[in-house]
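FYI, it's all coordinate maths here, none of it is from the lab. Given the structure is predicted, the values throughout are model-derived calculations rather than measurements. For neighbour counting, all protein chains shown are included, and Cβ atoms are generated from backbone atoms with ideal geometry for every residue, glycine included.
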Amino acid sequence: MKTAFAVLLFGAIFGYAASLECYSCSSTLTAKSDCRDWVANLTTITCATAGSSCYSSMVKATTWGVKIDRGCMDKCASDDSCMNAFGSGTCRTCCKKDRCNIDTPGGADMAGVSAALLLVSSFLTVLGAL
């Protein structure tokens, strides 16, 4: 009886770890998409590997080029390198609960504000040079 209980308990724990559900999508910040705007409408995927994590990542080449991804990842490591002085790199958050990858790392909502400030600053610099 104890053996049967141990096998059932192991199966429940292993089954839970392997059945993590994550939101899944890929989008650019400039595209109007649920990946960026409303994750409740996204499809979910089941992670295939026990011990996987849900992740959200934002890749910035400049303040103009941003890509957002969500999904499952083995050996996920959080990263905040997109928050550097150049505004480029990758920000990633990892989590281990069902559909926990709803937040967009690195302030994607503020990227539009940064781009607008850069444009205004450039315009004022050109005006000052005239």
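General observations
- In order through the range 70-79: 3J(HN,Hα) via Karplus (6.51 cos²θ - 1.76 cosθ + 1.60), integer Hz, x for Gly, Pro: 9, x, 9, 8, 7, 6, 6, 10, 5, 8
- Residues whose placed amide H lies under 5 Å from that of Asn101, excluding near-sequence neighbours: Tyr23
- Under the simplified labelling scheme, the Arg99-Trp38 pair shows an inter-label distance of 1.5 nm, with each label point 7 Å from Cα along Cα→Cβ.
- Taking Lys and Arg as +1 and Asp and Glu as -1, the other residues whose beta-carbon sits under 14 Å from that of Asp74 total +3.
- Net charge over other residues, Cβ less than 14 angstrom from the Cβ of Tyr55 (K, R count +1; D, E count -1): 0
- Too-long pairs where the Cα-Cα distance tops 24 Å, listed order kept, from Lys32/Lys96; Lys32/Lys75; Lys32/Lys60: Lys32/Lys96; Lys32/Lys75
- Amide H contacts of Leu29 (H built 1.01 Å from N, under 5 Å, at least 5 apart or other chain): Val66, Lys67, Ile68
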